[in-house]
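S.K.: Input: one structure, supplied below.
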Amino acid sequence: MNVLIACDSFKDGLPAMEVCKAIAKGIHLANPAIQTQLLPLADGGEGTAEILTYHTNGQWVQKKVQDPLFREIWANYGLAKDGKTAFIDMAQASGLQLLSPAERNPLYTSTYGTGQLILDAMQQGVEKIVLGIGGSATNDGGMGMARALGYHFKDKKGNRLQGCGADLSKVSVIIPPKVDLPTIEVLCDVTNPLYGPQGAAYSYGRQKGGDDPMLELLDRGLQNLASRVKEQLGVEGAAVAGAGAAGGMGYGAMVFLKASLHSGIGAVMHYTHFAAHVKAADLVITGEGKIDEQTRQGKLISGICQQAMAHNKPVIAFCGALLASPRLVREIGLTAAFSIQTHPTSLEEALLQTAQGLCDVAFHVCKTIDIYPGRHQTF
C-alpha cells in the first residue's frame, strides 16, 4: 500500500514537513510495510515560499530589509535550483506577525520591505518571481513596494511620500522608473476588489489594527491611488478580483509590476507535481488546523480532493478542530475526517500535543485499514 501524506502546516502548532513526519511515524507503527511519501504543501499564504523552494531543490536567501514600520530586519526568500525562479512570501518582510498588537496600525505600515526582496531577486537575474501575499500587516495598495523598486509618489506640493497607508489620499503625482521586470506571478485566492464595502480596507483593515475612521480614510485613499494610476499610468485594475488582497497588494503588483494573479493552491499543485504523486498513491492523507465550511471554499484540502477525485483516489484528513458534519465532509470530497484531539484541553496544550496527536490518529486509522487487507483501494 502506498500512502501519499500531503499536508499544510498546523498554524502555531507544527510546520508542514513535521506534520507529514508525525503522520508517517504513526503509519509505520501500525504497519511498517506501508510505503509513505511525504509531500509538505501550502495554500499560497505564509510559508508557501519555503515549501516551493524545498520542492524545487532551491536555496534560502537572507536579506536585510525594512519591516512594516521601516525598521531593519532579516527576511528570507527562495531561489529555485536553476536560479531562474524566486519564491517570495510578503509576510517575511511585511507580515502582521512582525508587529506586536500595540504596533498594528494600517495607516503607518508599508510594503517597502517586500519591494526590497523583489529587487534583490531581480538583481540575482531571475526570470520569474512567484509572490505570495498572505498575512500582510499593510494597506498601502503596494505603494511601499513600488517605491523600493524606483517609483516616486508625490503630494500636491511636490513632497515625496514614504509609501504607507496614510499616504494613499495624498498621492498627486506618480513617476515610474525605467526598469526591466521579470515575469511576476502573484498567488491570491481571495476575490476582493481594491476599494468599496468588499475592498481591502473594510474587509481586512480591522484585523491589522484599523478602526472605523481609519478604514474610511484608507478606502478613500485607495480610490485616490486608483484614480491617479489610471490618469497618469493609463492602467486600471481596481475592480479585478483579488485587487484588494493584502491591503491592495494584489492591485499594486498588477499596476506597478505588470504582475498576473494566480490561484495559490493551483501554483503549489503545479510546482510540486501533485497530480503525478496522487496517481501513484493508493491513499492520500492530508490535514490542516481546522476543517469547516471554509475548507470547501478554496482551501488546500479542497484542491487536494479535486485532484484525488480525478484519479479516483480516497482522501482522509486529520485536523485539530473538526467543525464539519458528515455531509460537509463528503461535499468537500473527503472519504473521512478525524480530529487529533482526544480530551478537553487548552489551546496552548493542544498546540504542544500536535505531533503526538497526529501520530496517534494515523496509527489507529491504519490499524483499521489493516483489518480489511486488500480492500484499501475501494474504501
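S.K.: With the range 14-96 as the region, which strands (runs of 3 or more DSSP E) entirely inside it contain at least 1 residues that are aromatic (Phe, Trp, Tyr)?
M.R.: 59-66, 72-79, 85-89
S.K.: Under the condition of being of a type outside the set (Gly, Ala, Ser) and farther than 22 Å from residue 10 by Cβ, which residue from the range 279-305 is surrounded by the most Cβ atoms within 10 Å (Cβ to Cβ)?
M.R.: So, considering only residues that are of a type outside the set (Gly, Ala, Ser) and farther than 22 Å from residue 10 by Cβ, the one surrounded by the most Cβ atoms within 10 Å (Cβ to Cβ) is 282.
S.K.: Shifting gears a bit: Residue by residue through the range 153-169, note down the ones that are farther than 17 Å from residue 194 by Cα and surrounded by fewer than 23 Cβ atoms within 10 Å (Cβ to Cβ).
M.R.: Residues satisfying the conditions are 154, 155, 156, 157, 158, 159, 160, 161, 162.
S.K.: If I ask for residues that are of a type outside the set (Gly, Ala, Ser) and surrounded by fewer than 20 Cβ atoms within 10 Å (Cβ to Cβ), which ones from the range 22-35 would you list?
M.R.: 25, 28, 29, 31, 32, 34, 35, listed by residue number.
S.K.: Among the residues in the range 96-107, are any without any contact (Cβ under 8 Å) to a residue 12 or more places away in the chain and not small (Gly, Ala, Ser)?
M.R.: No, the conditions are met nowhere in the range 96-107.
S.K.: Look at residue 236 and say whether it is open to solvent by 60 Å² or more (accessible area, probe 1.4 Å) and either in contact with a Pro (Cβ under 8 Å, 6 or more places away or on another chain) or closer than 25 Å to residue 196 by Cα (or both).
M.R.: Yes: the conditions hold for residue 236.
S.K.: A follow-up question, please. Identify, by number, the condition in (1) closer than 30 Å to residue 300 by Cβ; (2) surrounded by fewer than 23 Cβ atoms within 10 Å (Cβ to Cβ); (3) of a type in the set (A, V, I, L, M, F, W, C) that residue 174 doesn't meet.
M.R.: (1)
S.K.: Report, by residue number, each residue of the range 211-228 that is surrounded by fewer than 24 Cβ atoms within 10 Å (Cβ to Cβ) and either in contact (Cβ under 8 Å) with a residue 40 or more places away in the chain or among the small types (Gly, Ala, Ser) (or both).
M.R.: Within the range 211-228, 214, 217, 220, 224, 227, 228 qualify.
S.K.: Just checking, how many residues over the range 1-13 are open to solvent by 40 Å² or more (accessible area, probe 1.4 Å) and either assigned to a loop (DSSP other than H, G, I, E, B) or among the aliphatic types (A, V, I, L, M) (or both)?
M.R.: Of the residues in the range 1-13, 4 are open to solvent by 40 Å² or more (accessible area, probe 1.4 Å) and either assigned to a loop (DSSP other than H, G, I, E, B) or among the aliphatic types (A, V, I, L, M) (or both).
S.K.: Here's something else I'd like to know. Across the range 97-113, what is the number of residues that are assigned to a helix (DSSP H, G or I), surrounded by 20 or more Cβ atoms within 10 Å (Cβ to Cβ) and not aromatic (Phe, Trp, Tyr)?
M.R.: Matching residues across the range 97-113 total 2.
S.K.: Against the definition (among the basic types (Lys, Arg) and either open to solvent by less than 10 Å² (accessible area, probe 1.4 Å) or closer than 30 Å to residue 273 by Cα (or both)), how does residue 81 come out, yes or no?
M.R.: yes
S.K.: Report every pair of residues separated by at least 6 positions or lying on different chains whose Cβ atoms are under 9 Å apart, first residue within the range 357-379 and at positive phi and modelled with pLDDT under 55, second assigned to a helix (DSSP H, G or I) and surrounded by 11 or more Cβ atoms within 10 Å (Cβ to Cβ).
M.R.: Here the result reads 379/369, each pair linking the range 357-379 to a residue that is assigned to a helix (DSSP H, G or I) and surrounded by 11 or more Cβ atoms within 10 Å (Cβ to Cβ).
S.K.: Sticking with this structure for a sec: Tally up the residues in the range 13-57 that are within 20 Å of residue 185 (Cβ to Cβ) and of a type in the set (A, V, I, L, M), please.
M.R.: 5
The values are calculated or read from the model by the stated rules, or taken from the named source; none is laboratory data. All figures in this text were calculated on a predicted structure; none of them were measured in a lab. Please note: Cβ atoms are built from the backbone with ideal geometry, for glycine as well, and neighbour counts cover all protein chains shown. In case anyone asks, the SASA skips ligands and DNA or RNA and just uses the protein heavy atoms, side chains included. Shrake-Rupley method; radii C 1.70, N 1.55, O 1.52, S 1.80 Å.
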